[in-house]
Structure formats: C-alpha cells, structure tokens
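Note sheet for the following structure.
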Amino acid sequence: MGHLSELEVKGKSAKQAARKLATLSTTVKNQALVSMADALEGQWETILAANVIDIENGKEKGLSESLLDRLLLTQSRIQSMADGLRQIAELPDPIGEVLSTNYRPNGLEITKVRVPLGVIGIIYEARPNVTVDAAGLCLKTGNAVILRGGSEAIHSNTAIIKVIAQGAYDAGIPIGAFQLIETTDRQAVNDMLKLNQYLDVIIPRGGAGLIKTVVENSTVPVIETGTGICHTFVDESADLTMAQAIAYNAKVSRPGVCNSMETLLVHKKVADQFLPRMLSVYQQAGVELRGCPLTEKYHSAVKPASIQDWATEYSDFVLSIKVVADLDEALEHIAEYSTRHSEAIVTQDSNNAKRFQHEVDAAAVYVNASTRFTDGFEFGFGAEIGISTQKLHARGPMGLAELTSSKYTICGNGQIRE
C-alpha cells in the first residue's frame, strides 16, 4: 500500500482510538504503562535482534560513531526505557484536572478542565528510546500517537512499538492508540505534515534541519522543540571559581544536547583574571576554541571566530568566546544570536541578575547555575517530550501538562441570553 494510504489508515485508526483514550480512567492508563514496561523487559531479545539489523545497515551506510551510539540498544538501555514507563505511571494524571471555576451573576457555573490534545504526530531521528518515551507520555495524557522515526532505526522502532502496543492493548487501551509509520520513503514526512484531518499537533524532535522542514511545510499546528544556541555571561562581579565550574559544566558535560552552552561571554574587567585559566581548562578537555580578537590574546589555541560562529549550534566540543564591555553588550549579543532556549549569567550583583532575568527573552533564564538544567526531569516534571523554544501553547521543558489542552464545561438551570 502507498504511504498516503498507510497514513490514511493509521490516521483514521488513531483518531478513533483517541476518542476512547480521552475518557479512560487513570487506573487503566497506569496499568497499561506497567504492562508496557513488563513487555519490554520480557521481550528485550526480540528488540535487540531487530536493533542489530539497524546497526549493521548503519555501519554499511557509514553513519558516524555518535549516530551509531544513539541508535544502539543494549539490555540496560531497554531496562531504562521500561523504568521510564514506570516513572510515568507514578506521575499525577493531568487529565480532568480542574483549572478554574467561575460562578457568574446569572447563576452559570463555568469550569475549565484539562483535556487531551487528541492525536499527536511525532517526527524524530536516530534514538529508538524516543519511541517509548513518546508512546508513554501520550498514553498517560490520553492522546493517540502517530510516530515517524528515522529510517536508520526502522527495525528497532517497529519491534519496540509491536511489543509495547501489545502490552497496552492487553491492559485495555483501545487498539490504534499507537501507530508507527513503517514506510521509510521521505515523502511520508511531507504527507504527514498535511494530515490535518487526523492530526491535532506535530512535534518534531531532532536537528535544526528536521525542525526547519516541519515548521516551514506543516499545515498541522507544530510545537517547535529547540535548537539551542545557549550563552553564559560572566559578569564583572562574578565569583570566578563558580563561573569556571558553571562554564565548564555547561559546555563539557554533554556537548551534543540542546541545553549545552555554545557561546561564553566575559566582561572585559574580569577577562585578564578569568580567561587564561578557563581557556586552558577547555583546551585540556579537548574543546576547540573560537574567539573574538580580544579572546585570542589570552591563549594560543584560540582561532578567530567568524560571524557565522555566533549563530551556530555546534552540539560538539567547540565553543565561541567573546569579551564584552558590559552587561548591555552581553544582552545585545544574546538578543541577536539566541535561539531563546536557555541563557545564564554568573554574577554577585543582584541588580544585574534581576535585569538579566527580566530582559532576556528565552524559555529558561539562569542566575549562577548551568544551562544544562533545562530538562523535564531536572525541573521535577518527570518525563519530557522535548523543550519548546516557541511561545504559543508551551514553552520550555514539556512535561505531561504540555500535552494537554483545556475545555470549558458550563452548568446552568435554564439560562437564556438576553
């Protein structure tokens, strides 16, 4: 069957399942999540056998080591996926939560309640664990899900969805709640972006290229999850020991993630004290340094930074460094190059801290802490579906509440409008 008809069939099935899912009790949903976790643990060998095929194909295609690692499943990685589902089962259910109640003078009682979004489309790249995370989060929030993973993970994703869907359906979840697009034809993504009849929202998870394609071509509403050009500004009053620890952690702990720092901004009054040692520490950690002319004076390893560097999400051991005259110049630079993900200032000056948090436009704005904390688990939301860098609907780490909408229920006793 052609991919459009595959999408049609799966879209219709998901939409029918979504109606039933929306009204399921928390108990049924939680039992299903546990049943899905048990299924993963019981059938890990089947999943690993499928993953071996993807890894072999990936090696033949010449995928990079880091991509192969993201693709690779092991028994312990499958165990982590199962643990994640159990954690989602432990979280409070947002569906049905009363957000507000308003009694009108005419006697109407107007209540605002949380409801599912409906059918969520998720388009993502290499990592097969996203298949489990997305299915679990969508199930908990009463949403049906249509998944389109990267072609490089097709065997793994197909095996995973088969195992967890069976676990969920056995526990009373309506059949059709989980759909995986199995065609690896790229056209399927474009068709999915126009599937307004069945999809309520699309969430892309992946690199800048994927997100750009989805945002520019989708007629289905999109929640943009973020590319992160994140900055750390070391102010003149900063505790420099603290600044070094934060600036090191923000870049080196995991450079490939969207909440890692790409540009370090340093106040010129502390540059002499701070930069020589900081740059040496980065160099020892294997970070490639690209700096402004002032930064170049502090270390022989610094290459000149181009305009393009300030606008690049490296997702790697590469860092841009700029010496700025003051807080105003730092704010100006951030306003120009930030992707509005996560921004940080290290300062002991409470006025500068307040100004930075007030003026910087980003999903997460830090004072004296690493940008690496922008994450659903770290924020106490449990699991997350991604980090939104836009402003409509959701912003920042998206937990369960962000996979919901609301509706008003109105109770009267015969009121008619004059």
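The values are calculated or read from the model by the stated rules, or taken from the named source; none is laboratory data. Just so it is clear, the structure is predicted and the values come from calculations on it, not from any experiment. FYI the Cβ positions are ideal-geometry reconstructions off the backbone, even for glycines, and counts take in every protein chain you see.
Overview of values
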item	result
Answer from Gln284, Gln244 - the residue that is touching a helix residue (DSSP H, G or I) at 6+ places or on another chain (Cβ under 6 Å) and of a type in the set (S, T, N, Q)	Gln244
Members of segment 346-402 that are in a loop (DSSP other than H, G, I, E, B), out of contact with any Pro (no Cβ under 9 Å at 6 or more places or on another chain), surrounded by 21 or more Cβ atoms within 10 Å (Cβ to Cβ) and not aliphatic (A, V, I, L, M)	Thr347, Ser370, Thr389
Selection within segment 191-242 - over 24 Å from Leu117 (Cβ atoms) and surrounded by fewer than 20 Cβ atoms within 10 Å (Cβ to Cβ)	Gly207, Ala208, Gly209, Glu236, Ser237, Asp239, Leu240, Thr241, Met242
Which numbered condition Glu41 misses (of (1) of a type outside the set (A, V, I, L, M, F, W, C); (2) modelled with pLDDT under 95; (3) over 15 Å from Thr131 (Cα atoms))	(2)
Matching entry among Thr374, Thr389, Thr339, Thr312 (being under 18 Å from the mean Cα position of the chain (by Cα), farther than 30 Å from Leu139 by Cα and among the β-branched types (Val, Ile, Thr))	Thr339
Residue list for segment 372-396, restricted to those being of a type in the set (Lys, Arg) and without any contact (Cβ under 8 Å) to a residue 60 or more places away in the chain	Lys391, Arg395
Index of the failed condition, Asp361 passing every other in (1) over 30 Å from Gly84 (Cβ atoms); (2) within 15 Å of the chain's Cα centre (by Cα)	(2)
Which numbered condition Leu71 misses (of (1) buried (at least 18 other Cβ atoms within 10 Å of the Cβ); (2) modelled with pLDDT of 95 or more)	(2)
Conditions (1) in contact with a Phe, Trp or Tyr (Cβ under 8 Å, 6 or more places away or on another chain); (2) under 17 Å from Val266 (Cα atoms); number of the one not met by Ala383	(2)
Scope segment 3-44; condition within 18 Å of Ala165 (Cβ to Cβ) and among the acidic types (Asp, Glu); matching residues	Glu6, Asp38, Glu41
Wholly enclosed helices (runs of 4 or more DSSP H) of segment 1-83 bearing at least 2 residues among the small types (Gly, Ala, Ser)	3-21, 26-42, 44-61
Segment 159-187, residues that are assigned to a helix (DSSP H, G or I) and farther than 30 Å from Asp316 by Cβ	Ala159, Ile161, Lys162, Val163, Ile164, Ala165, Gln166, Gly167, Ala168, Tyr169, Asp170, Gln187
Filter result for Leu331 (outside any helix (DSSP H, G or I), under 28 Å from the mean Cα position of the chain (by Cα) and within 18 Å of Val360 (Cβ to Cβ))	no
All positions within segment 161-198 that are of a type in the set (D, E, K, R), modelled with pLDDT under 95 and touching a helix residue (DSSP H, G or I) at 6+ places or on another chain (Cβ under 7 Å)	Glu182, Asp185, Asp191
Residue pairs meeting the criteria (Cβ under 8 Å; at least 6 apart or on separate chains; first among the charged types (D, E, K, R), in segment 199-220; second surrounded by fewer than 21 Cβ atoms within 10 Å (Cβ to Cβ))	Asp200/Gly118; Asp200/Val220; Asp200/Pro221; Arg205/Glu125
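Condition check ((1) touching a residue at least 40 places away in the same chain (Cβ under 8 Å); (2) of a type in the set (A, V, I, L, M); (3) not in a strand (DSSP E or B)) across all residues:
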site	(1), (2), (3)
Ile95	yes, yes, yes
Thr111	yes, no, no
Ile120	yes, yes, no
Arg127	yes, no, yes
Ala134	yes, yes, yes
Gly142	yes, no, yes
Ile154	yes, yes, yes
